[in-house]
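Reviewing the structure listed below.
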Amino acid sequence: MSEQTGSRQRRIVVGVDGSPASVDALRWAVRQARMQEAVVEALTVWQHPVATGWTVPVTAYEQLPGIARKILDDSVREAVVDGGPVEVLTRVQEGGAAQCLLDAARGAELLVVGSRGHGGFTGALLGSVSQHCVQHAPCPVVVIRHPGA
C-alpha cells in the first residue's frame, strides 16, 4: 500500500529530453520514487521551431510528437532497468519546456531535471530550463548533473 498525500498518490515529476543528464535525472527519480512509494511522471515537451526566414515542410512538424515519444520511451527503457517496481507514467506535451514542467509540478513532491539538456552551452552549470525551474517551481527541485558534463 502506498502512502498518499491527501487523496492523491505522491508524485515525482521529471523532465526528459533524451540528453545524458535527463536520463540520469529519470534514473534518480525512479530510485527516489521507490523509497517514497511515489509515482514518477516523466514528461517530454516539444515545440515547433521558430526561425525567421526559414521554411520547413509541414510533414516535418507533424513528426515532432512521434520523435518526442520515441525519445521518452527510449529514455525510460534506459533508466528503468533494475530494482523494485515503480510506476512510471509518461507524457509528451506541446509547449515550452520550463512552463510545462512547472505546470506538471503543481502538487508534486519533487521536480527533477538534468543540469543541462540538449542545446546547453558547454561548461554551463545550469541550462535555461533547469534554472527557470529552480527559480519558479511550486515544489522542491532536484538538479542532476551528468558526470563529465
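Things worth noting here:
- Verdict on Gln36 being at pLDDT below 95, over 21 Å from Ser130 (Cα atoms) and in contact with a Lys or Arg (Cβ under 9 Å, 6 or more places away or on another chain): yes
- Counting the residues of region 7-42 that are hydrophobic (A, V, I, L, M, F, W, C), surrounded by fewer than 19 Cβ atoms within 10 Å (Cβ to Cβ) and not in a helix (DSSP H, G or I) gives 0.
The values are calculated or read from the model by the stated rules, or taken from the named source; none is laboratory data. Note that the structure is predicted; figures quoted are calculated from it, not measured. FYI the Cβ positions are ideal-geometry reconstructions off the backbone, even for glycines, and counts take in every protein chain you see.
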